[in-house]
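Worksheet for the structure shown next.
The values are calculated or read from the model by the stated rules, or taken from the named source; none is laboratory data. Quick caveat, the model's predicted, so the values are computed rather than measured. All Cβ positions, glycine included, derive from the backbone under ideal geometry; neighbour counts span all protein chains shown.
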Amino acid sequence: MPSWYDLAVDKRQRQSKTIPSQWRIQLPPESTIDVIPYPETCGLLTPEEIEITNASVEILLVKLAAGEWSSFIVTTAFYKRAVISHQLVVNCLTEIFVERALARATELDEYMKKTGKVAGPLHGLPISLKDQLCIKGLETTMGYVSWIGKYADSNAVLVDILYECGAVPFVRTNVPQTLMWAETFNNIFGRTSNPHNRSLTSGGSSGGEGALVALKGSPLGVGSDIGGSIRIPAAFCGVYGLRPSYGRIPYGGAVNSMEGQDSMPSVLGPLSGSIGGLKIFMEAVIKAEPWLRDPLTIRKHWNDEEYKLADHRRGKDLCFAVMWDDGVVIPHPPVKRALEMTQKALIKAGHKVIDWTPLKHRELTGVAFDIWRSGSVEDFAITTSASGEPLIHTMLLDDEKETFLPSLRTQGGLTAYQLWQVQRYRRDLRTEYMAHWNATSSQTGTGRPVDAIICPAAPYAAPRHGRNRLVKVVDSHHSMYFGYTSAWSVLDYAASIFPVTSVDPYRDTKQPPHQFIDGFDQEIYELYEPQAFQNAPVCLQLVGRTLEEEAVLAMTGIVDFALRG
């Protein structure tokens, strides 16, 4: 058997051969940090292809249904732009299957020509998939050398549903080894960079999706999220994303880390260049009744009344709460400015805005870590031992001394009884947080509790590679902090990401030191140097209650409209 390194080299060579030679481009110099404009100036895309790839999901579906654009033309345009994106940000793609996707697009065009009808609500739409969603006949490595050569015998449930809805799955996207990182790097495909600034991370674990959607190499992508893995890449790359509640979107047939861990499940959800893209995906998949194919999917039909905000005064006289910080880490100046911009826009639009008092966010983050710690060491070790590949300990470019989750590597898992106590504590925290939310009815002036919470997705914009300080000692018990996203995962609240602005070194100057909460908060403060974050997008998170996906999407649209005027 070849060594793990030889296996990885062979896989990369096979991937390289799947890129049509005529789609290779002259790369910009390494000194070019912002490559967002490059797909439209590199000379590979035609004017029509530029128009197509700049179109939102909503416009694409209208033109596909009207026959103005064929699925073959649309898929080709996005395929070319996806391959350009892959070359620009280095390794945002894993599986490239051009002939299969174009054959599917041709099949859809012939169906429309023959019947005069669309094949489904996603007719002809190219969709990218995180490298967890199995497609029959393709490898799904999920960043593990050990999984090279494992070809899927069948599609994941969600993939089957997307095909039946008329979609064209056309690429799969890069992930970190183990998935349990807020950056994207593995021993097979390497690192995925941020297209707004290639010295910055694209986030993780759906970092390939975030980078690809940001470069408009895909109109709609599917990621997964256990503690922020959709929301962090969406926020760092400046696109829209949605973390649904557990079981709303079918996970059956997809591969995962820590399979069998159901204390705090991972969820699948969409990333897109528009809020409408998220809604179209959710509605199409849920209307396909996925609970009939995946027993862990919740039987909850798409609810138009909830999308029309029937439980939120039909969208009139809304009250949003702004969480300026979570009581653990104070956000950087650009994030604070984004919160202020959003607060001002909502007030101008006639909505009420109050402050949100965070409740036990340090404890919520600790619960997430304890659940993962219960078996992750053994899970990672067993998976990597099959090939002998090393377990990645750092994503730093210049310092191999700092390790990732050091206690996760050295401490044993929890006993069953200890895990039960963590689960019981999580239940109690959920009950306490629900009461905390309900109690805001005395502050809103609307006669009902806060409609949604607006908060950071992280205390910073995308940091440099390896500098995502989600990984650091918070206190004597927990060695990881990811609270701006993971807290809501523990509570199982639906949450979205929406773009607000970008870092401006002249406006977002470094402020004098505040009164630090602890040493970790001080480290986050010291991480901020305005020029280092140049051009990085700044997004925020909108949080609703459990299984409120329809309302969260609608309220995100209201906030987005207020910001855009």
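So which of 352, 279 is under 24 Å from the mean Cα position of the chain (by Cα), of a type in the set (Lys, Arg) and farther than 26 Å from residue 509 by Cα? Walk me through how you get there before you give the answer.
Values: 352 fails: under 24 Å from the mean Cα position of the chain (by Cα).
None of the others qualify; the one that does is 279.
For region 11-29, a residue qualifies if it is of a type outside the set (A, V, I, L, M) and in contact (Cβ under 8 Å) with a residue 60 or more places away in the chain, and the qualifying residues are 11, 12, 15, 18, 20, 23, 24, 28. Scanning region 156-175 for residues that are at negative phi and not β-branched (Val, Ile, Thr) yields 156, 158, 160, 162, 163, 164, 165, 167, 169, 170, 172, 174.
Residue 38 satisfies every condition listed in (1) assigned by TED's automatic domain parsing to the domain that holds residue 87; (2) within 30 Å of residue 279 (Cβ to Cβ) except (1). Taking region 63-77 as the range and being more than 27 Å from the chain's Cα centre (by Cα) and of a type in the set (S, T, N, Q) as the test, only 70 passes. Closer than 23 Å to residue 84 by Cβ, surrounded by fewer than 21 Cβ atoms within 10 Å (Cβ to Cβ) and not basic (Lys, Arg): is that true of residue 154 in this structure? So residue 154 fails the test. Please enumerate the residues belonging to region 360-414 that are more than 19 Å from residue 428 (Cβ to Cβ), touching a Gly at 6+ places or on another chain (Cβ under 6 Å) and modelled with pLDDT of 90 or more. Once the filter is applied, which keeps residues that are more than 19 Å from residue 428 (Cβ to Cβ), touching a Gly at 6+ places or on another chain (Cβ under 6 Å) and modelled with pLDDT of 90 or more, region 360-414 yields only 375.
Confirm whether residue 96 is among the β-branched types (Val, Ile, Thr) and under 29 Å from residue 196 (Cβ atoms). I'd like the intermediate steps shown before the answer.
On the way: among the β-branched types (Val, Ile, Thr): yes; under 29 Å from residue 196 (Cβ atoms): yes.
For residue 96, the condition - among the β-branched types (Val, Ile, Thr) and under 29 Å from residue 196 (Cβ atoms) - is met.
The lone criterion from (1) at pLDDT 95 or above; (2) farther than 30 Å from residue 304 by Cα; (3) within 22 Å of the chain's Cα centre (by Cα) left unmet by residue 483 is number (1).
Does region 346-380 hold any residues that are in contact with a strand residue (DSSP E or B) (Cβ under 9 Å, 6 or more places away or on another chain) and assigned to a helix (DSSP H, G or I), and which are they?
Narrowing region 346-380 to residues in contact with a strand residue (DSSP E or B) (Cβ under 9 Å, 6 or more places away or on another chain): 346-347, 351-358.
Scanning region 346-380 gives 346, 347.
Considering only region 322-339, I want to know if a residue exists there that is without any contact (Cβ under 8 Å) to a residue 12 or more places away in the chain, surrounded by fewer than 21 Cβ atoms within 10 Å (Cβ to Cβ) and either at positive phi or part of a helix (DSSP H, G or I) (or both). So that I can check it myself, show each step before the final result.
As a first pass, look at region 322-339 and keep what is without any contact (Cβ under 8 Å) to a residue 12 or more places away in the chain: none.
No, the conditions are met nowhere in region 322-339.
Exactly one of (1) closer than 30 Å to residue 306 by Cα; (2) surrounded by fewer than 17 Cβ atoms within 10 Å (Cβ to Cβ) is unmet by residue 545. Its number? Evaluating residue 545 over (1) closer than 30 Å to residue 306 by Cα; (2) surrounded by fewer than 17 Cβ atoms within 10 Å (Cβ to Cβ) leaves (2) as the failure. For residue 172, the stated conditions do not hold, so it cannot be described as modelled with pLDDT of 95 or more, outside any helix (DSSP H, G or I), surrounded by fewer than 24 Cβ atoms within 10 Å (Cβ to Cβ) and not polar (S, T, N, Q). Within region 1-34, the set of residues being among the polar types (S, T, N, Q), outside any loop (DSSP other than H, G, I, E, B) and surrounded by fewer than 14 Cβ atoms within 10 Å (Cβ to Cβ) comprises 13, 16, 21, 22.
How many residues are of a type outside the set (A, V, I, L, M, F, W, C) and under 17 Å from residue 221 (Cα atoms) when one looks only at region 76-127? Full working, then the answer.
So the first thing to find is which residues in region 76-127 are of a type outside the set (A, V, I, L, M, F, W, C), and the list is 76, 79-81, 85-87, 91, 94-95, 99-100, 104, 106-107, 109-111, 113-117, 120-121, 123-124, 126.
Checking the rest, the ones that are also under 17 Å from residue 221 (Cα atoms) come to 76, 79-81, 85-86, 91, 94-95, 121, 123-124, 126.
Final tally of qualifying residues: 13.
Inside region 451-472, residues that are surrounded by fewer than 24 Cβ atoms within 10 Å (Cβ to Cβ), modelled with pLDDT of 95 or more and assigned to a loop (DSSP other than H, G, I, E, B) make up a count of 0. In region 113-132, the residues that are in the same structural domain as residue 75 (by TED's automatic domain parsing) and hydroxyl-bearing (Ser, Thr, Tyr) form Cβ pairs under 6 Å with partners that are at pLDDT 95 or above and assigned to a strand (DSSP E or B), at six or more places apart or across chains, as follows: 128/171; 128/173; 128/221. If you filter region 13-47 down to residues that are β-branched (Val, Ile, Thr) and in contact with a strand residue (DSSP E or B) (Cβ under 7 Å, 6 or more places away or on another chain), you find that the one that is farthest from residue 198 (Cα to Cα) is 18.
Anything in region 436-465 that is of a type in the set (A, V, I, L, M) and touching a helix residue (DSSP H, G or I) at 6+ places or on another chain (Cβ under 8 Å)? List them, or say none. Steps first, please.
Of all residues in region 436-465, those of a type in the set (A, V, I, L, M) come to 439, 450, 452-454, 457-458, 461-462.
The answer is 450, 452, 454, 457, 458, 461, 462.
May I ask you to list the residues in region 84-98 that are part of a helix (DSSP H, G or I) and either surrounded by fewer than 24 Cβ atoms within 10 Å (Cβ to Cβ) or in contact with a His (Cβ under 7 Å, 6 or more places away or on another chain) (or both)? Residues satisfying the conditions are 87, 88, 98. The number of residues in region 224-272 being of a type in the set (Ser, Thr, Tyr), buried (at least 22 other Cβ atoms within 10 Å of the Cβ) and touching a helix residue (DSSP H, G or I) at 6+ places or on another chain (Cβ under 8 Å) comes to 5.
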